[in-house]
Amino acid sequence: MTPAIDLARKQRISHHVHAYEHDPASESYGLEAAEKLGVTPERVFKTLVVSLDNGKLAVGLVPVCALLNMKQIAKAARAKKAAMADKALVERSTGYVLGGVSPLGQKKRLPTYIDDSALGFPTLFVSAGRRGLEIELTPQDLCALTQGSFAPLT
């Protein structure tokens with residue numbers, strides 16, 4: 001188990017865990033997950049950690065086939081600017097390795113913003129905390145577990 005799965009279980013959130021054989025040569029963890037799980041890339045969300053101009057970190061969740069708009073996440077986080085966070089800082093803050101960063105069960109809970117396209121799906125997929133492991137849950141449950149909010153981020 002991972003902290004992400006443990007959190008969903010502890011909170012009694014309906015979820016499904018999906019495992020697949022991760023290919024280390026894969027160029028995109030998220031697109032690999034969508035392909036191997038047989039779901040559209042729009043339903044698989046990647047977890048991106050950004051540094052805000054106020055020195056704080058935040059999490060943006062966007063479909064793996066989309067790009068996170070730095071102006072949009074800065075606006076959602078009420079900051080002026082955002083940039084991708086340093087990889088070592090991401091791993092230290094979340095407790096997860098890159099390619100397996102989950103928005104759930106992070107070592108330090110970070111403000112989380114979910115692209116509002118998530119609301120168009122009954123369930124979506126996010127990393128369960130390890131490469132080759134995804135957790136499927138409703139957008140509303142994801143928002144509740146992360147204490148996040150929905151915003152246009154792409």
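The values are calculated or read from the model by the stated rules, or taken from the named source; none is laboratory data. It should be emphasised that the depicted structure is a prediction, and the values quoted were computed from it without experimental measurement. Heads up, the Cβs are rebuilt from the backbone with ideal geometry, glycines too, and the neighbour counts pull from every protein chain shown.
Conditions (1) β-branched (Val, Ile, Thr); (2) more than 22 Å from Glu91 (Cβ to Cβ); (3) touching a Gly at 6+ places or on another chain (Cβ under 8 Å); (4) not in a strand (DSSP E or B), marked per residue:
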| position | (1), (2), (3), (4) |
| --- | --- |
| Leu119 | no, yes, no, yes |
| Pro122 | no, yes, no, yes |
| Val126 | yes, no, no, no |
| Gly129 | no, no, yes, no |
| Glu134 | no, no, no, no |
| Gln140 | no, yes, no, yes |
| Cys143 | no, yes, no, yes |
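Only one of the listed residues (Lys71, Lys108, Lys87) is surrounded by fewer than 14 Cβ atoms within 10 Å (Cβ to Cβ), touching a helix residue (DSSP H, G or I) at 6+ places or on another chain (Cβ under 8 Å) and closer than 15 Å to Val50 by Cβ. That residue is Lys108. Quick check on my filter: what residues within region 105-130 are at negative phi and in contact with an Asp or Glu (Cβ under 9 Å, 6 or more places away or on another chain)? Across region 105-130, the qualifying residues are Ser117, Gly120, Phe121, Thr123, Leu124, Phe125, Val126, Ser127, Ala128. Close Cβ contacts (under 6 Å, 6 or more residues apart or on different chains) running from residues in region 54-83 that are within 22 Å of Pro139 (Cβ to Cβ) to residues that are among the acidic types (Asp, Glu) and modelled with pLDDT of 95 or more comprise Val62/Asp115; Pro63/Glu42.
Quick one: is Arg43 charged (D, E, K, R) and out of contact with any strand residue (DSSP E or B) (no Cβ under 8 Å at 6 or more places or on another chain)?
Numbers: charged (D, E, K, R): yes; out of contact with any strand residue (DSSP E or B) (no Cβ under 8 Å at 6 or more places or on another chain): no.
Answer is no for this residue.
Within region 111-154, no residue satisfies the criterion of being basic (Lys, Arg) and surrounded by 24 or more Cβ atoms within 10 Å (Cβ to Cβ). Screening Gln106 with (1) part of a loop (DSSP other than H, G, I, E, B); (2) touching a residue at least 40 places away in the same chain (Cβ under 8 Å); (3) farther than 21 Å from Asp6 by Cβ gives one miss only, at (3).
Here region 18-41 is the region considered, the condition is being more than 15 Å from the chain's Cα centre (by Cα) and aliphatic (A, V, I, L, M), and the residue that is nearest to Ala118 (Cα to Cα) is Val39. Does region 91-103 hold any residues that are free of Cβ contacts under 8 Å to residues at least 12 places away in the same chain, out of contact with any helix residue (DSSP H, G or I) (no Cβ under 9 Å at 6 or more places or on another chain) and closer than 21 Å to Leu67 by Cβ, and which are they? Within region 91-103, no residue meets the criteria.
Please go through region 25-34 and pick out each residue that is farther than 13 Å from Arg130 by Cβ and not acidic (Asp, Glu). Write out each step before concluding.
Quick first cut of region 25-34, residues farther than 13 Å from Arg130 by Cβ only: 25-28, 30-32, 34.
Ala25, Ser26, Ser28, Gly30, Leu31, Ala34 - these are the residues of region 25-34 that are farther than 13 Å from Arg130 by Cβ and not acidic (Asp, Glu).
When the strands (runs of 3 or more DSSP E) confined to region 1-64 are screened for residues that are surrounded by fewer than 17 Cβ atoms within 10 Å (Cβ to Cβ), those reaching at least 1 such residues are found at 16-19. Mind checking which residues of region 74-91 are over 17 Å from Gln106 (Cβ atoms) and in a helix (DSSP H, G or I)? The answer is Ala74, Lys75, Ala76.
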